[in-house]
Amino acid sequence: MARIYSCRRKSTLALRQRKDFLLSQLKINPDLLRASFVERFSVCGKKQCRCHQGGDKHGPFYYLTQCLAAGKIAKFLLKSPTQQQQAQRGVAHYRQLQEQLEELSQINTELLRREDPLD
Ligand SMILES: [Zn+2]
């Protein structure tokens, strides 16, 4: 779900200034990842292990998950701390770009509604 930006209450000048700012900030980070970084704790296969006796579960384990199509999710274990950091950064960069594009689109929608030029 997209965040709703309060474009309707802003003046056209304010919208244009915000748009100029967003366009100046837009940057495609080469490491971006459209994915989620998830943390999991799990039980193992040994019935005698503490994890089956109410003790702590194993983990945390970190995964990168991606929704490729409806119901089709790709997931893999991020083994090294370097991999985990790269994944977190890439996911954050993608999300940031996505939010900037969404706000830009909402501003353009409002400018279009006001019959103001978009470019
Ligand atoms: Zn266990």
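The values are calculated or read from the model by the stated rules, or taken from the named source; none is laboratory data. Everything numeric here is computed off the predicted structure, so don't read it as measured data. Methodologically, a virtual Cβ is constructed for each residue, glycine included, from the backbone with ideal geometry; neighbour enumeration extends over all protein chains shown.
Checking the stated criteria, Phe61 turns out to be in contact with a strand residue (DSSP E or B) (Cβ under 7 Å, 6 or more places away or on another chain) and either of a type in the set (A, V, I, L, M, F, W, C) or at pLDDT below 95 (or both).
Taken over the range 31-74, the criterion of being more than 10 Å from the ligand (Cβ to nearest atom) and charged (D, E, K, R) is satisfied by Asp31, Arg34, Glu39, Arg40, Lys72.
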